[in-house]
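Some notes on the structure that comes next.
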Amino acid sequence: MSVAAIVATLVLAALAVLQVLVAAGRPYGRLVWGGQHETLPRRFRVGSAVSVVVYAAIAWVLLARAEIFGPSRPFVGIATWVLFGYFAIGIALNAISRSRAERLVMTPTCVVLAACSLTVALS
């Protein structure tokens, strides 16, 4: 369970770096937000910045459930199942993206995150 939580945290950290880059105007927009923009417009840049905070919260939940931060609290178990559902939906949504780059990068990323969150949730 700890390995799955740590792997998920590393993947989320990589995603956070990507989101920081696109929020700063770097030309990696084809990998995020539907892949329709090489350089993201302002509203998507703000969304990317918010995503970094969301990724940190997700990592905290998974690490807490894995008891890396001490005993897990009841809401953390429920939140872990919610995260699994979120990543499972993310697999489907990224798989149907119009952006080939987003499909090729983000679909397997969501598969890894779903598998890790399921492993942590089942523990």
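The values are calculated or read from the model by the stated rules, or taken from the named source; none is laboratory data. Predicted model only: the values in this text are computed from it and were never measured. Methodologically, a virtual Cβ is constructed for each residue, glycine included, from the backbone with ideal geometry; neighbour enumeration extends over all protein chains shown. These accessible areas exclude ligands, DNA and RNA; they are computed on the full protein's heavy atoms, side chains included. Shrake-Rupley method; radii C 1.70, N 1.55, O 1.52, S 1.80 Å.
Things worth noting here:
- Per residue, the average separation of C-alpha pairs within less than 8 Å and at least 6 apart gives region 70-119 a relative contact order of 45 percent.
- Whole-angstrom gap from region 4-36 to region 52-91, using each part's C-alpha centre: 18 Å
- Rolling a 1.4 angstrom probe over the protein heavy atoms with all chains in place gives the chain an accessible area of 55 Å² per residue.
- Average Cα contact separation per residue, the chain, under 8 Å, 6 or more apart, as relative contact order %: 33 percent
- Sorting the segments 43-53, 15-25 by their residues' average number of neighbouring beta-carbon atoms within 10 angstrom, most packed first, yields 15-25, 43-53.
- Full-extension gain in nm, A115 to A101, via 0.36 nm per residue minus C-alpha separation: 2.9 nm
- Length-normalised contact order for region 1-69 - Cα pairs under 8 Å, 6+ apart - percent: 42 percent
- Among the trypsin sites (Lys or Arg not before Pro) in region 89-123, those placed in a DSSP loop whose Cβ has at most 15 other Cβ atoms within 10 Å are R98.
- Accessible-area rank, largest first, for T80, T9: T9, T80, with all protein chains present and a 1.4 angstrom probe.
- The chain - percent of accessible surface contributed by carbon and sulfur, probe 1.4 Å: 70 percent
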